[in-house]
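Asker: The structure follows.
Please treat every number below as a calculation from the coordinates, not as lab data. Model, not experiment: these values are computed from the prediction. Cβ sites come from the backbone with ideal geometry, for glycine too, and all protein chains shown count toward neighbours.
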Amino acid sequence: MTRQYGDAFDRGRAVAGIEALLATPLPTTGPTLREDDPSTEEWGQDIGEGFVLAPLWESRDLLGVYGEEWGEQVAGAELKALDVAAELTGRWGTPRKVPMHVAMFRDQADEPMPPVHQALCDADNYGDLTVWGPVPAGPDGADRWVGISVGHCDGDAPLVLMAVVSDREIEELEEETG
């Protein structure tokens, strides 16, 4: 669970969360560290080499939710992502999609990948990213790339709307050819 668990969705709060991530100083090197909320001990964010990843909203558990109702829950989470995307598109222009299927396959094969992709996989975020950038931001005025997506670790787990902010372009990984 995340520190957002059980909270009603609020686009303004989600966008404010992205703005806070944009103001976060990003390390240029080093391992990815998980930072939990000190009061709840739930996931707050991951910060690593050139990026920060954090939840913006989390659904209720999907335990016992099947069929049409499960599909409705997923569609509802995706609509929340589209709502945030509409706000960000108004600010920064048309985004692009960054598919995560190659990162998922590399993760399953235990193959190396850039730290931002590994952190997304470690957070069970295999949903395709909607990415803007570069956008002028950061405490140092440097450009940043912003991505959002919906992910969840299994059929019963809550759906999580996440944001990632990077000081490097967030790109689709190329499939390895043998």
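Asker: If you take every DSSP beta bridge fully contained in the chain, what fraction is antiparallel? Give it as a percent rounded to 5.
Answerer: Approximately 95 percent, going by the DSSP bridge assignments.
Asker: For a quick check: sort PHE9, PHE51 by the number of other beta carbons within 10 angstrom, fewest at the front.
Answerer: Placing the least packed residue first, the sequence is PHE9, PHE51.
Asker: While we're on this one: List the DSSP H helices in the chain whose Cα atoms stretch 15 Å or more along the helix axis and whose mean Kyte-Doolittle hydropathy is at least -1.0.
Answerer: Sorted by number, the helices that extend far enough and score high enough are 11-22, 67-92.
Asker: Here's another thing I want to ask about it. If I take the Cα coordinates of the range 11-166 and project them onto the principal axes, what are the three extents in Å, biggest first?
Answerer: Cα extents, longest axis first: 47, 37, 36 Å.
Asker: Taking amide H positions as placed in the peptide plane 1.01 Å from N, state which residues far from ARG144 in sequence (5 or more) or on other chains have amide H under 5 Å from it.
Answerer: Residues meeting the criterion, in which the H sits 1.01 Å from N, are VAL135, ALA137.
Asker: Given the options GLY127, GLY67, GLY17, which has the most mean-square fluctuation in a GNM of the chain, springs set between C-alpha atoms less than 10 angstrom apart?
Answerer: Its mean-square fluctuation being the largest, the pick is GLY67.
Asker: If you don't mind, another one. I want to verify a result. In a Gaussian network model of the chain, Cα cutoff 10 Å, which of these has the top mean-square fluctuation: SER166, SER39, SER59?
Answerer: Among SER166, SER39, SER59, the largest mean-square fluctuation in the Gaussian network model of the chain belongs to SER39.
Asker: Among PRO25, VAL160, ILE170, whose Cα lies farthest out toward the positive end of the dipole of the chain, if unit charges sit on the beta carbon of Lys, Arg (+1) and Asp, Glu (-1)?
Answerer: Of the options given, the answer is PRO25.
Asker: Can I ask one more? Let me know the charge dipole size of the chain about its Cα centre in debye, to the nearest 20, where only the beta-carbon of Lys, Arg (+1) and Asp, Glu (-1) is charged.
Answerer: That gives a dipole near 680 debye.
Asker: Continuing with the same structure: How much mean residue ellipticity at 222 nm does the chain get from its helices, if each DSSP H run of length 4 or more adds -39500 (n - 2.57) and you divide by all residues, to the nearest 500 deg cm²/dmol?
Answerer: -9500 deg cm²/dmol
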